[in-house]
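Scroll down for the structure; my scribbles are underneath it.
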Amino acid sequence: MAVVEKMDGTGSGAGGVGAGFVPCWSCKGPVASRALFCHTCGAVQAPGSTDHFTRLGMAPGFDLDDEKLEKQYLGFQRVLHPDRFAGKPAKERVIAESQSVALNEAYETLNDPLKRATYLLRLKGVNSEVAEDKTVNDPALLMEALEKREALAEAESADAIEELMISAGATAIQLLSNLSRAFAADDLAAANRSVLRLKYLRKFLEEARLRRAALES
């Protein structure tokens, strides 16, 4: 239960976003807007519009403690397990399920570096082409992607494809380091460029895995 207390708005959890109080749907008493449960009657609360970082009790940023993120998520999901609400009114069971869905979405976003970077850019007012699924207007990036696909098409063995995948994987690791530095420096343009390259590399690696599997079969 200590995990939940970090999110009830009275402690020293992730600060700022979503602060304040709203009326509890059940007893109408004041409850912190980011709390899971009412401080007065104990009823589970609706998820609200809190950002993913605050929802999981994490400070906003690209560099996250993966172990802490998972611990927070699992702790919240434990207290929202359906068995705990078996005897509750239907409305409260529905609200608990909506909280669980919101936590799942938050965890899936923050647990994936590309999704996390894209989401963090949006929080900072940058709508990346990745988030909006737009065609990328970056000739250098498009040329790089084209060259990789041509190399993949010309690869005639699984070993040749493996070499391309190793190279792409190394580039992806470097891009994660670039993203960390860019966000630390609040260089959103650089972060956005790295997000776009990482998106294309992921697509390439997926295509390479499929082609390698086809050759091996």
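Points worth noting:
- Normalised per residue, the accessible area of region 99-217 is 56 Å², obtained with a 1.4 Å probe and no contribution from ligands, DNA or RNA.
- The chain: DSSP helices with Cα axial extent of at least 27 Å and average Kyte-Doolittle hydropathy no lower than -1.0: 90-110, 158-184, 188-216
- Share of carbon and sulfur in the accessible heavy-atom surface of the chain [1.4 Å probe, %]: 52
- Report summary: the helix-based calculation at 222 nm, which adds -39500 (n - 2.57) for every DSSP H run with n ≥ 4 and divides by the residues of the chain, gives -19500 deg cm²/dmol.
- Annotation note: trypsin sites (Lys or Arg not before Pro) in region 22-65 located in DSSP loop regions with a Cβ neighbour count of at most 13 within 10 Å are 28.
- Answer label, with Rg and Dmax of the Cα atoms in Å calculated from the coordinates and candidates [x] 19.0, 71; [y] 21.6, 68; [z] 18.7, 54: [y]
The values are calculated or read from the model by the stated rules, or taken from the named source; none is laboratory data. Since the model is a prediction, treat every value here as computed from it, not as a measurement. Every residue, glycine as well, gets a Cβ built from its backbone with ideal geometry; the counts of neighbours run over all protein chains shown. Side chains included, ligands, DNA and RNA excluded: accessible areas come from the protein's heavy atoms. Shrake-Rupley method; radii C 1.70, N 1.55, O 1.52, S 1.80 Å.
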